[in-house]
Amino acid sequence: MFPLRDNVESQSLPIVTWIIIALNVFVFLIELSVGSNIEPFLQNYGLVPADFFANLGAAQGIHILSSMFLHAGWGHLIGNMWFLYIFGDNVEDRMGHFRYLLFYIITGLCAALAQTFITPHSHIAMVGASGAISGVLGAYLLFYPQARVLTLVPMGSYSRTTEIPAVFFLGLWFVMQLFTGILPLAAGVSQDQGGVAFWAHVGGFVSGALLSKVFDRGELSI
């Protein structure tokens, strides 16, 4: 399922969401400029779980932050930014600009730590904004469960679009991330070989849901 739009109107300009999207695109253009050196570039600026535990310190916090703005390809970037574009504006509207930015960074941190603790021996760099964006999705689910999400349901030649309640769309998305993360663990398969960081999605979503009310503009004055 792929979201096309939601039916929740923003009451203010989602400035922070736009800036985050612009920064992600800008950093990706820098990635493209390094050409064949992309792999060492991602290793240097992404978050490497094995290095995180071997060299705990402030530098690892910087790696977590920088990893949130790196992407492995155009599809990775566009998919993440589209989800942020669809759901981020309403969460920013609900929290306010500063709270939303702080929330985004904290949930990105939680997401990165979740994946790192699941794959502590991995030497593959974790990159992508999806952990923090998962936090945004968790908050959206709590704030707007009755919202409607116009969704593309791919079924080959029978693909169609339909409006789905946000609670169902995001709930199903979370269950898929959780199931896909648990399955290799249950089968005893190593998750240190790269691929999609499903536990970052789970960690980001759960932390976003738990922190949503704390950062709600009606609950906290900053």
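Checking Ile30 against (1) out of contact with any strand residue (DSSP E or B) (no Cβ under 7 Å at 6 or more places or on another chain); (2) open to solvent by less than 40 Å² (accessible area, probe 1.4 Å), which single condition isn't satisfied?
(2)
Can you find even one residue in the range 92-102 that is hydroxyl-bearing (Ser, Thr, Tyr) and open to solvent by less than 60 Å² (accessible area, probe 1.4 Å)?
Taking the range 92-102 and keeping what is hydroxyl-bearing (Ser, Thr, Tyr), we get 100.
Filter once more, keeping what is open to solvent by less than 60 Å² (accessible area, probe 1.4 Å): 100.
Yes, some residue in the range 92-102 is hydroxyl-bearing (Ser, Thr, Tyr) and open to solvent by less than 60 Å² (accessible area, probe 1.4 Å).
Could you grab the pairs with beta carbons closer than 7 Å, sequence gap of 6+ or different chains, first residue in the range 66-89 and farther than 15 Å from Gly204 by Cβ and among the polar types (S, T, N, Q), second one open to solvent by 40 Å² or more (accessible area, probe 1.4 Å) and part of a helix (DSSP H, G or I)?
What qualifies is Ser66/Tyr45.
Please verify whether the range 159-175 includes one or more residues that are at pLDDT below 95, assigned to a loop (DSSP other than H, G, I, E, B), farther than 30 Å from Phe41 by Cβ and out of contact with any His (no Cβ under 6 Å at 6 or more places or on another chain).
yes
Among what's in the range 110-135 and is among the hydroxyl-bearing types (Ser, Thr, Tyr) and farther than 20 Å from Gly73 by Cα, pick the residue that is farthest from the chain's Cα centre (by Cα). First the steps, then the outcome.
The first filter runs over the range 110-135 and keeps only residues among the hydroxyl-bearing types (Ser, Thr, Tyr), leaving 116, 119, 122, 130, 134.
From what is left, the residues that are farther than 20 Å from Gly73 by Cα are 116, 119, 122.
Details: Thr116: 15, Thr119: 18, Ser122: 20 Å.
The qualifying residue farthest from the chain's Cα centre (by Cα) is Ser122.
Of the conditions (1) under 26 Å from Thr17 (Cβ atoms); (2) out of contact with any Gly (no Cβ under 8 Å at 6 or more places or on another chain); (3) open to solvent by less than 10 Å² (accessible area, probe 1.4 Å), Leu152 satisfies every one except a single condition; which number is it?
Just one mismatch for Leu152, condition (3).
Among the residues of the range 159-166, is any within 26 Å of Met68 (Cα to Cα) and either of a type in the set (Asp, Glu) or in contact with a Phe, Trp or Tyr (Cβ under 9 Å, 6 or more places away or on another chain) (or both)?
From the range 159-166, those within 26 Å of Met68 (Cα to Cα) are 166; that's our starting set.
Restricting the remaining residues to those that are either of a type in the set (Asp, Glu) or in contact with a Phe, Trp or Tyr (Cβ under 9 Å, 6 or more places away or on another chain) (or both) gives 166.
The answer is yes, given that some residue of the range 159-166 is within 26 Å of Met68 (Cα to Cα) and either of a type in the set (Asp, Glu) or in contact with a Phe, Trp or Tyr (Cβ under 9 Å, 6 or more places away or on another chain) (or both).
Output the residues belonging to the range 44-65 that are in contact (Cβ under 8 Å) with a residue 60 or more places away in the chain and open to solvent by less than 60 Å² (accessible area, probe 1.4 Å).
Once the filter is applied, which keeps residues that are in contact (Cβ under 8 Å) with a residue 60 or more places away in the chain and open to solvent by less than 60 Å² (accessible area, probe 1.4 Å), the range 44-65 yields Gly46, Leu47, Val48, Pro49, Ala50, Phe52.
All but one of (1) surrounded by 21 or more Cβ atoms within 10 Å (Cβ to Cβ); (2) in a helix (DSSP H, G or I) hold for His71; which doesn't?
(2)
Test Val91 against the criterion of being modelled with pLDDT of 95 or more and over 18 Å from Phe198 (Cα atoms), and give yes or no.
On the way: modelled with pLDDT of 95 or more: yes; over 18 Å from Phe198 (Cα atoms): yes.
Criteria met by Val91.
So which residues in the range 114-142 are touching a Ser or Thr at 6+ places or on another chain (Cβ under 6 Å), assigned to a helix (DSSP H, G or I) and open to solvent by 10 Å² or more (accessible area, probe 1.4 Å), if there are any at all? Walk me through it before giving the result.
As a first pass, look at the range 114-142 and keep what is touching a Ser or Thr at 6+ places or on another chain (Cβ under 6 Å): 126-127, 132, 135, 139, 142.
When the remaining residues are screened for being assigned to a helix (DSSP H, G or I), the result is 132, 135, 139, 142.
Correct list: Leu142 only.
The values are calculated or read from the model by the stated rules, or taken from the named source; none is laboratory data. Because the structure is predicted, anything quoted here is derived from the model rather than measured. Here Cβ is always computed from backbone atoms with ideal geometry, including for glycine, and neighbour counts include all displayed protein chains. The protein model used for the area step is the full one, side chains on, heavy atoms only, and it has no ligands, DNA or RNA in it. Shrake-Rupley method; radii C 1.70, N 1.55, O 1.52, S 1.80 Å.
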